[in-house]
Amino acid sequence: MKLLNVADDESYKTMHDQELRSRFLVNDLFQPGEVNLVLTDVDRAIVGGIVPLETPLPLGNPKEVAADFFTQRREIGILNIGGSGTVTVNGEQFEIQNRDSLYIGRGNEEVLFSSNSTDEPSRYALFSYPAHTAFPSKLVRQDEARRLDLGDDGRANDRVITQSICPGIVDTCQLVMGFTQLKHGSVWNTMPPHTHRRRSEIYMYFDIPDGERVFHFMGEPNRFRTILTKSGEAVVSPSWSVHFGVGTGPYTFIWSMGGENQVFDDMDSFSFE
C-alpha cells in the first residue's frame, strides 16, 4: 500500500504543477492482475483499483491498516467501471455489472474479486473509510440508484448524478458515494463550486477518451489551482478545498465522501469574484 500525505491550505498556493500532482493526485491504480491501494491522511481514506484476470484477487490486509483483516474497522464502497464480474464477501457472491455499486460493511474477513472475461476484465474502483459499527453489505445496481438531473446545456454543465451508496439506499457509517456523467456537449461538473467542511471527498475520473483530459480545480474559493487528469486517476480533496472540473471531451467521474454529515446538499457554495 502506498501512502499519500496531502499539502495544507497554505502550502498548495506556492506549489508548482508536479508538486501538486505528487500531493493530491492518485494514479497507476488500474494494473492488470493487481490490487493497488493508496492510504491518504485525509480522513484516513483509502482509494484503490483492482483488475482481476484469470485468477481471482483477494483484497489482502496491508500492514498500514493495522488490523487482523482489512474491514475489521473499515467499510468499503466499490464501483465497477469495467466488464462484469463477481465480488465474494464472506462466501456471498455479488454479480456486478458495469457501473453497479457494492457496499461492504465492517467485519467481513474475506473479500475476493474476479472478472467474467479476461478480454474485458472488471475494473473495480475502491473507496474505504474507518467504520464504527457493522452494516450489511449491499449491491446497488445502476438502475436502483437515485438519479438527479442537474445543470443545462446553455452553461455546458448538463449532467446526471447517480447516488448509489447514500442514505435511503444503503446504511453506512460515513461513506457516501456515486458517480456523475456529463451529457453530450457539456464539459463542466459540480456547479456551482463549493466546499463542505464536514466531509472530505475523492474524485476519480474515468471513461475519458484517449488524448482527452479533465482539468480538476482545487484550492480555496477564488484561489484555484488545477491538476490535469486522465482516465482512471483520482484527486484527493480535503474539506477546505473546492472541487470542480472541465473536460476537453466527454467523461464520467466517481465521487466518494467521508465525514460526519451524509446529507448530499450540505454544501457551502460561492460565486466567482
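How much mean residue ellipticity at 222 nm does the chain get from its helices, if each DSSP H run of length 4 or more adds -39500 (n - 2.57) and you divide by all residues, to the nearest 500 deg cm²/dmol? Could the numbers behind the result be given before it?
Working: 1 runs with 8 residues, N = 273.
Taken over the chain, the calculation gives -1000 deg cm²/dmol.
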Note the full-extension length gain between Asp143 and Val263 as 0.36 nm times their separation in residues minus their Cα-Cα distance, in nm to one decimal. 41.1 nm
For the stretch 200-273, compute Rh as the Kirkwood radius over C-alpha pairs and then the Stokes-Einstein diffusion coefficient at 10 °C and 1.306 mPa s; write the answer in µm²/s, rounded to an integer. 121
Identify which of Met257, Met204, Met191 has the largest mean-square fluctuation in a Gaussian network model of the chain, with springs joining Cα atoms closer than 10 Å. Met191
Taking a ≥ b ≥ c as the square roots of the Cα gyration tensor eigenvalues, with a/c under 1.5 meaning rounded and otherwise prolate when a/b beats b/c, else oblate, which class fits the stretch 166-247? oblate
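Rounded, prolate or oblate: which fits the stretch 100-190, taking a ≥ b ≥ c as square roots of the Cα gyration tensor eigenvalues, rounded meaning a/c under 1.5, else prolate when a/b beats b/c?
Values: a/c = 2.71, a/b = 1.54, b/c = 1.76.
Oblate, since a/c reaches 1.5 and b/c is not below a/b.
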Size of the dipole of the chain about the Cα centre, Lys and Arg at +1 and Asp and Glu at -1 on the beta carbon, nothing else charged, in debye to 20? 300
Taking only the Cα atoms of the stretch 135-273, how large is their convex hull per residue, in Å³? 109
Over 30 Å between Cα atoms: which of Lys183/Lys230; Lys63/Lys138; Lys63/Lys183 fall into that group? Lys63/Lys183
Can you pull the semi-axes for the stretch 1-130, root of five times each eigenvalue of the Cα gyration tensor, sorted largest first, whole Å? 28, 18, 12
Report Rg (one decimal) and Dmax (nearest whole number) for the chain, counting Cα atoms only, units Å. 17.5, 55
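Using 0.36 nm per residue of separation minus the Cα-Cα distance, give me the extension gain between Thr55 and Glu19 in nm, one decimal. All intermediate terms of the calculation are to be shown ahead of the outcome.
Values: separation 36, 0.36 × 36 = 12.96 nm, distance 3.69 nm.
Extra length from Thr55 to Glu19 when fully extended: 9.3 nm.
Dipole magnitude of the stretch 93-208 about its Cα centre, charges +1 at Lys/Arg Cβ and -1 at Asp/Glu Cβ only, in debye to the nearest 20? Spell out each step's value before the answer.
On the way: 13 positive and 15 negative charges, 114 e Å.
Here the stretch 93-208 has a charge dipole of around 540 debye.
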Charge dipole (the stretch 148-251, unit charges on Cβ, about Cα centre) - positive-most of Phe244, His184, Pro167: Phe244
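Every read-out reported here was derived from the displayed coordinates using simple, explicitly stated rules and does not represent laboratory data. Everything numeric here is computed off the predicted structure, so don't read it as measured data. Because the Cβ atoms are built from the backbone with ideal geometry, glycine has one as well, and the counts that use them run over all protein chains shown.
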